[in-house]
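Quick notes on the structure that follows.
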Amino acid sequence: MSMEHKAFEFDWQFFKTDFLTILHNALASNDVVPLHSYIEENVRFLVDPYEGEPLNLDWRTQVENVHDVHTLGDFAITRFYDPIKDFGIGSAWLDCGDCLTHSSQAALLGQTVGPSFNPFDPGKMGSYFQSPDEVSQSFELLSKSDNSLTIEYLSFLRSCLARQSGLYVTF
């Protein structure tokens, strides 16, 4: 499995008010019931995070593991981003260690969500979020870099700033 950096424009404010507490509590308790309820109530807004296809009313047949909080959270958070619109740096991430500072690498990621003992990570390779304020900080930091890896990414961050969006970054 390759380590590909994927980044998506993310409706952080809506996520924060509508779902963050549900996700955090489910991760802390390992209880899937609130996630099942959330998906049931919002199925018409959700898509498959891998294919981008809308979930149907029989969504459990589309989810590989309906007993895993990370898997269910992965489907539920599609309410806040479009998984088809990936603006990440892809496999170029593997070269970042040699050409970007530690703080620049961190600006390409963000913060985890959930309890420290069980942060949200459906792909088991890292999942990170940035609020609009953090996107602004990342933009400022990466703007100071003359690295070609970040040029297109800066354009993406600029568009997120213009819409006051956050980021979802995953591998």
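Using only Cα atoms, find the angle between the long axis of helix 33-42 and the longest principal axis of the chain, and express it within 0 to 90 degrees, rounded to the nearest 10. That works out to roughly 80 degrees.
Rg then Dmax, both in Å and based on the Cα atoms of the range 6-170: 16.1, 49. Each Lys or Arg adds one and each Asp or Glu takes one away; over the other residues whose Cβ falls under 13 Å from the Cβ of residue 11, this sums to +1. Sorting 129-136, 57-64 by average packing, meaning the other beta carbons within 10 Å per residue, from highest down gives 129-136, 57-64. Amide H contacts of residue 48: 53, 55, each under 5 Å away and 5 or more positions distant or on a separate chain (H built 1.01 Å from N in the peptide plane; Pro and chain starts excluded).
Report the residue, chosen from 37, 138, 127, that carries the largest GNM mean-square fluctuation when the chain is represented by alpha-carbon nodes joined by springs under 10 Å. Between 37, 138, 127, it is 37 that shows the largest mean-square fluctuation. Pairing the Cα long axis of helix 132-143 with the longest principal axis of the chain, what angle in degrees results, from 0 to 90 and rounded to the nearest 10? The answer is roughly 30 degrees.
Counting only alpha carbon atoms, the long axis of helix 20-29 and the longest principal axis of the chain meet at about 70°. Taking Cα centre as origin and charging only the Cβ of basic (Lys, Arg, +1) and acidic (Asp, Glu, -1) residues, the dipole magnitude of the chain rounds to 320 debye.
Rounded to the nearest 500, the 222 nm mean residue ellipticity of the chain from helices alone is -11000 deg cm²/dmol, with -39,500 (n - 2.57) taken per DSSP H run of at least 4 residues.
Throughout, read-outs are computed from the coordinates displayed, never taken from laboratory work. The structure presented is a predicted model; accordingly, all values stated were derived computationally and were not measured. Note that we place each Cβ from the backbone using ideal geometry, even for glycine, and neighbour counts take in every protein chain shown.
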